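Sharing a structure with you now.
The values are calculated or read from the model by the stated rules, or taken from the named source; none is laboratory data. In this text the structure is predicted, and so the values were computed from the model without any measurement. Don't worry about glycine lacking a Cβ; one is built from the backbone with ideal geometry, like all the others, and counts go over all protein chains shown. In case anyone asks, the SASA skips ligands and DNA or RNA and just uses the protein heavy atoms, side chains included. Shrake-Rupley method; radii C 1.70, N 1.55, O 1.52, S 1.80 Å.
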Amino acid sequence: MKKKNGSLIITATVFFTFIFIMIIVFYYVMLAQIHEENEMVRSDMVASEHAAIKQIDLSTVSGNKELDQIKITNCDDAYERFKYYLKMNLNLDDNFMPKSQYNFIKGKVKIKRFIIYNLNKNDLSVEVCTLNSEGNFEKRIVKNGNVSTPKGNYIQHTTIHACIDFNVATYKFGKFTGTQEVSPSEDVDITEE
Amino acid sequence: MKKKEGDIQDFILQMIGIVICFIMMLCGIDYADTVIKYNDANEIARKYILRMEAKGYLASDDQAELESDMDDKGFSNISLANSTTTQVHYGEEVKLVINFQETVKAFKLENFKLEVTNDNKNLTITKASTALYFNEDGN
C-alpha cells in the first residue's frame, strides 16, 4: 500500500490537537478548583473576622445598648485575634505557612489589609483604623462622610475589612507544582451573624 | 503485507503520544483526588464548627455524626482530641481538631513498570471560632 504524502502531518496535527484539548480541559478544571478554594478561604476569613469582632466588651452587648454604639476600642487585640483564628482555620503554622503538604495553599499567607471602621451614630463619623506596613494602626476620623470599604460596602455599623494574599496549587507534575496568586477580601459588619 | 518505514514511524509517534497523555492524566487525577479529599475534610470541619458556634461545644451526637461523615469519605483513624467538648460561654473560643488518616495513591514508573502503592498519611485539620451560645444567665 502506498503511503500518501502528508499522512505524518495529519497524525501530528491530530495528536497535538488532542493534547491542546486536554490542556484546555485541565485549565478549566483548575479554574473551577481555584474558585472553590477561594470560596472556602473567604468563609474562613469571615469566621476569623467575627472572632476579632468578639473582642468588644461583653457588657456593652448584654445591656440594652444598641449595636450601633458598639466599637472596637483595642485594634491590636482585635488584629491578634484575627491572626490567631486565621491560622487555625486555614491550618497554618506560626509563620503563616501551611502545615500540610496537601493543603491547597502553597507558601506564606500574607495579610495585605486589615482595617477597622468604628461608626459613631451620634454624628455619623467613622474612625478608620488602618494597619500599616510596620504592623501599627493609623487612626483617622472621617466626619459626616459616606465611608466605604475597599470592597465598596458603605459603613453602616462597626465593620472589619481584611484582605489576604497567597498562592494556590494549580497542578502538580512530579516535583513541579504550578501556583496561582489569589487575594480574597471580606467585610464583616458587627450586626452580621 | 509488508510494513513500510513510514507506518512504523507513525506507530512509534502515536505510542509515545499515548504514553505521555496517559502519564499526564494519571498525575493529574492522582493530585486532584488528593486535594479533593483534603477539601472534603475541610468542608466537614466547617459544617461542624458552625454547629459548635451555635451550641458552644461539640455535642456527643455531633461527634458521632462527624466521625461517620469522615468515614463515608474514606478517612480512617479519626480522633477529635483537643476539640472543645464542654460548653463554653458567648465569645469564648470553640475549637475543632480532627486528626485522621488519608490513603494516598502513589504512582511509580520503574524499569518500564508502573507500580501503584498506597501510603497512609496522618493529617490534622483545625477550625476555630467563637461561641454564639448564650446560657440562661445571659452569659
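Among the residues in region B:72-91, are any part of a helix (DSSP H, G or I), open to solvent by less than 40 Å² (accessible area, probe 1.4 Å) and in contact (Cβ under 8 Å) with a residue 40 or more places away in the chain?
From region B:72-91, those part of a helix (DSSP H, G or I) are B:72; that's our starting set.
If we keep only those that are open to solvent by less than 40 Å² (accessible area, probe 1.4 Å) too, we end up with none.
Checking region B:72-91: not a single residue is part of a helix (DSSP H, G or I), open to solvent by less than 40 Å² (accessible area, probe 1.4 Å) and in contact (Cβ under 8 Å) with a residue 40 or more places away in the chain.
Could you list all residues from region B:16-66 that are at the interface with chain A (Cβ under 9 Å from one of its Cβ atoms), over 20 Å from the mean Cα position of the chain (by Cα) and of a type in the set (Asp, Glu)?
Scanning region B:16-66 gives a single hit, B:Glu53.
Then there is this: Show the residue pairs meeting these rules: Cβ distance below 8 Å; 6+ apart or different chains; first residue within region B:1-12 and outside any helix (DSSP H, G or I); second residue at pLDDT below 65.
B:Met1/A:Met1; B:Lys4/A:Met1; B:Lys4/A:Lys3
Is it fair to say B:Glu102 is in a helix (DSSP H, G or I), surrounded by 16 or more Cβ atoms within 10 Å (Cβ to Cβ) and facing chain A (nearest Cβ under 9 Å)?
Values: in a helix (DSSP H, G or I): no; surrounded by 16 or more Cβ atoms within 10 Å (Cβ to Cβ): yes; facing chain A (nearest Cβ under 9 Å): yes.
Answer is no for this residue.
List the number of the failed condition for B:Arg51; all other conditions in (1) under 24 Å from A:Glu37 (Cα atoms); (2) touching a strand residue (DSSP E or B) at 6+ places or on another chain (Cβ under 7 Å); (3) modelled with pLDDT of 90 or more hold.
With (1) under 24 Å from A:Glu37 (Cα atoms); (2) touching a strand residue (DSSP E or B) at 6+ places or on another chain (Cβ under 7 Å); (3) modelled with pLDDT of 90 or more applied to B:Arg51, the lone miss is (2).
Hydrophobic (A, V, I, L, M, F, W, C) and within 14 Å of chain B (Cβ to nearest Cβ), is that true of A:Ile141?
On the way: hydrophobic (A, V, I, L, M, F, W, C): yes; within 14 Å of chain B (Cβ to nearest Cβ): no.
No.
Now for a different question. Can you name the residue in region B:13-40 that is touching a residue at least 24 places away in the same chain (Cβ under 8 Å) and not polar (S, T, N, Q) and, of all such residues, is nearest to A:Lys99 (Cα to Cα)? Steps first, please.
Initially, region B:13-40 is screened for residues touching a residue at least 24 places away in the same chain (Cβ under 8 Å), giving B:23, B:26-27, B:30, B:33-34, B:37-38, B:40.
Adding the requirement that they be not polar (S, T, N, Q) leaves B:23, B:26-27, B:30, B:33, B:37-38, B:40.
On the way: B:Ile23: 29, B:Leu26: 26, B:Cys27: 23, B:Asp30: 21, B:Asp33: 19, B:Lys37: 16, B:Tyr38: 13, B:Asp40: 17 Å.
Looking at residues that are touching a residue at least 24 places away in the same chain (Cβ under 8 Å) and not polar (S, T, N, Q), I get B:Tyr38.
Any residue at all in region A:56-68 that is assigned to a helix (DSSP H, G or I), among the hydroxyl-bearing types (Ser, Thr, Tyr) and modelled with pLDDT of 85 or more?
The initial filter retains those residues of region A:56-68 that are assigned to a helix (DSSP H, G or I), namely A:59-62, A:67-68.
Now drop any that are not among the hydroxyl-bearing types (Ser, Thr, Tyr), which leaves A:59-60, A:62.
Narrowing the set further to residues that are modelled with pLDDT of 85 or more leaves none.
So far as region A:56-68 goes, no, none of its residues is assigned to a helix (DSSP H, G or I), among the hydroxyl-bearing types (Ser, Thr, Tyr) and modelled with pLDDT of 85 or more.
Another question, if that's okay. Looking at region A:27-48, is at least one residue part of a helix (DSSP H, G or I), over 20 Å from B:Val35 (Cβ atoms) and within 7 Å of another protein chain (Cβ to nearest Cβ)?
Yes: region A:27-48 contains one or more residues that are part of a helix (DSSP H, G or I), over 20 Å from B:Val35 (Cβ atoms) and within 7 Å of another protein chain (Cβ to nearest Cβ).
Do any strands (runs of 3 or more DSSP E) entirely within region A:80-143 hold 3 or more residues that are among the basic types (Lys, Arg) and open to solvent by 30 Å² or more (accessible area, probe 1.4 Å), and if so, which?
On the way: elements: A:105-120, A:125-131, A:137-142.
Filter on region A:80-143 gives A:105-120.
Name the single residue, out of those in region A:160-178 being open to solvent by 10 Å² or more (accessible area, probe 1.4 Å) and modelled with pLDDT of 80 or more, that is farthest from the other protein chains (Cβ to nearest Cβ).
Here the residue is A:Asp165.
Identify, please: which residue in region A:10-26 is of a type in the set (Val, Ile, Thr) and open to solvent by less than 40 Å² (accessible area, probe 1.4 Å) and is, among those, farthest from the other protein chains (Cβ to nearest Cβ)? Please lay out each step first, then the result.
Residues of region A:10-26 of a type in the set (Val, Ile, Thr): A:10-11, A:13-14, A:17, A:19, A:21, A:23-25.
Imposing the further condition that a residue be open to solvent by less than 40 Å² (accessible area, probe 1.4 Å) reduces the set to A:11, A:19.
Details: A:Thr11: 5, A:Ile19: 7 Å.
Ranking the candidates gives A:Ile19 first.
Do you know which residues across region A:27-54 are surrounded by 20 or more Cβ atoms within 10 Å (Cβ to Cβ) and either among the small types (Gly, Ala, Ser) or under 12 Å from the mean Cα position of the chain (by Cα) (or both)?
Passing the criteria: A:Glu37, A:Val41, A:Asp44, A:Met45, A:Ala47, A:Ser48, A:Glu49, A:Ala51, A:Ala52.
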